[in-house]
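Okay, structure first, notes after.
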Amino acid sequence: MGVGARAGATSRLLTGLLLAGALLGLAEAAARLYPPPDPLLPMAGPSDDADPGILLRGSPWLLWELQPGTHREKGHTVAVNRLGMRDADRGAKTRPRMLVVGDSSVYGFGVADTEHFPAVLEQGAPADFINAAVPGYSSLQALNLLQLRGLSLAPDVLLVGTLWSDNNFDSFHDEALLAAWSGWASSQERSPLGTARGWLQNSLLFRWLDWHLRVAPQGERAKKTGWIVGDEDARIGSRRVPIARYAAALDRMAALMQGRALFLILPNREDLAPPRPHAWNPYRETMRRVAARWGAPVIDGPAAFIASGRSPDALFLDAMHPTRAGHRLLAAAAASALHDKHWPDQPWPTATPSGDLTPPPDPFEGQGGETGGNTLRGTLQLPAWTGGPIRMEILPPAPGAAPFASTTLQRPGPWEIEVGPLPPTALFRLSLDPDQDGPDPDDPRFLIGPIGIPPDGRVELEVE
């Protein structure tokens, strides 16, 4: 082939590549005009006509997300914007912004829109504090939310408050469900295909094609939230997010923000009691190690709550959801950390990681809870009992959660059940079988709780 022929072939190749790039650009722009629909999920969680509770919908990319709109929740009006965040719809950026990710303790379950700590931080501050926390979210879900929507808001700083969902022993692994639903668990998936998917997930065109070619044909199954899917499986006695993946997800969020991040160690009621080993301690230590690797501030929620001298009932609605007084303490602790960084008065400097990330060992993994095992015991009073066995199941107080312990009683009276860790709070589900013909839809059922579990594990149950 002569020089002229080769030059002509090169010119045609370049022209073809430019044309293909232009067509892809047009297709991406068109996809933004016609984004893929989200599979809607009817109300998930405790509900009645007057106060329906948290409204969620399924998402093949996030497992579940908040339903945009306004609704009543625990006696408060909750507003969710078009991005599925408990926040107003923000316009063009006009001042510094912080994005906050986490689970229901950060979202502000049980308090008003003006009372969760991101909203308290924004009051009178020359910056936006956007609450992107979602009940039940793990670090992997928060990472995907950051990549899919959060970065588009151009946050200057990211506050990460994911803990309870990650360390929870449940009936599913987040990574497996995310991989099954979306085809990409996260950009941390260690394979060439995973790397490609992690890059492609930022393209709305890719998500549009993925929706129409793969997700939509699944029909109703795509509408289920992750915990409903997981509830179809037996409990696996493993963390939702193993500790190494938790460390990697936190590290990735810090990397996406170029180190402009701070980390919140969430408190719970147990922090106000005498210290003892807990299943979440290795995850708290992991968060501290990630923060140290990036030179990022750590907001010590437990220390702030202990130092306040307030009672557990003054600071917590239940085992781990702060009251409005608790949220004010978190806001004060966060404001102190921000003041030390001179933000938002000065730009938050970027950072690079220092050293390898090695999470601590997790002595509880695979045990379904803390080592040694514990016993829940008490007395059941059940005037409605007329004979037949009583099935007792103990569940975490979360929508769709699977029982972590159960037993069958022959009559009301004393009972005891062996469990792994003593849960801070639990629901008790009773199913009667007066005909002694096995479980059927007509059997009477009772749900008691949530009930706080004392350190001695003794719980007295009474059904009116």
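The values are calculated or read from the model by the stated rules, or taken from the named source; none is laboratory data. What you see is a predicted model; the values in this text were computed from it and never measured. Quick reminder, even Gly has a Cβ in these numbers, built from the backbone with ideal geometry, and neighbours come from all protein chains shown. The protein model used for the area step is the full one, side chains on, heavy atoms only, and it has no ligands, DNA or RNA in it. Shrake-Rupley method; radii C 1.70, N 1.55, O 1.52, S 1.80 Å.
Here are 381, 436: which of them is over 34 Å from the mean Cα position of the chain (by Cα), open to solvent by 20 Å² or more (accessible area, probe 1.4 Å), at pLDDT below 85 and among the polar types (S, T, N, Q)?
Numbers: 381 fails: at pLDDT below 85.
Among 381, 436, only 436 is over 34 Å from the mean Cα position of the chain (by Cα), open to solvent by 20 Å² or more (accessible area, probe 1.4 Å), at pLDDT below 85 and among the polar types (S, T, N, Q).
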- Query: Within the stretch 322-359, can you find the residues that are charged (D, E, K, R) and either modelled with pLDDT under 95 or surrounded by 21 or more Cβ atoms within 10 Å (Cβ to Cβ) (or both)?
  - Reply: 356
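When residues of the stretch 252-272 are filtered for being in a loop (DSSP other than H, G, I, E, B) and at pLDDT 95 or above, how many remain?
The total comes to 6.
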- Query: Within the stretch 153-174, restricting attention to residues that are assigned to a helix (DSSP H, G or I) and in contact with a helix residue (DSSP H, G or I) (Cβ under 6 Å, 6 or more places away or on another chain), which residue is surrounded by the fewest Cβ atoms within 10 Å (Cβ to Cβ)?
  - Reply: 167
- Residues of the stretch 305-327 satisfying the condition of being part of a loop (DSSP other than H, G, I, E, B) and farther than 10 Å from residue 267 by Cβ: 309, 310, 311, 317, 318, 319, 321, 323
- Residue, nearest to residue 143 (Cα to Cα), within the stretch 55-75, restricted to residues that are assigned to a loop (DSSP other than H, G, I, E, B), open to solvent by 10 Å² or more (accessible area, probe 1.4 Å) and not basic (Lys, Arg): 61
- Item | Filter result (open to solvent by 20 Å² or more (accessible area, probe 1.4 Å) and either free of Cβ contacts under 8 Å to residues at least 40 places away in the same chain or among the charged types (D, E, K, R) (or both)) within the stretch 293-310 | 293, 298, 300, 303, 304, 306, 307, 308, 309, 310
- Read through the list (1) open to solvent by 50 Å² or more (accessible area, probe 1.4 Å); (2) in a helix (DSSP H, G or I); (3) not polar (S, T, N, Q), then give the number of the only condition that residue 275 fails. (2)
- Given the conditions (1) in contact (Cβ under 8 Å) with a residue 12 or more places away in the chain; (2) at positive phi, and given that residue 124 satisfies all but one, which numbered condition is not satisfied? (1)
- Query: Quick one: in the stretch 407-429, which of the residues that are part of a strand (DSSP E or B) and among the small types (Gly, Ala, Ser) is surrounded by the fewest Cβ atoms within 10 Å (Cβ to Cβ)?
  - Reply: 413
- Note on the structure: Log entry, pairs with first residue in the stretch 92-114 being touching a residue at least 12 places away in the same chain (Cβ under 8 Å) and within 15 Å of residue 142 (Cα to Cα), second being basic (Lys, Arg) and open to solvent by less than 50 Å² (accessible area, probe 1.4 Å), beta carbons closer than 7 Å, six or more apart or on different chains, reads 107/86
- Query: Is there a residue being without any contact (Cβ under 8 Å) to a residue 60 or more places away in the chain, outside any loop (DSSP other than H, G, I, E, B) and under 25 Å from residue 113 (Cα atoms) anywhere in the stretch 279-287?
  - Reply: no
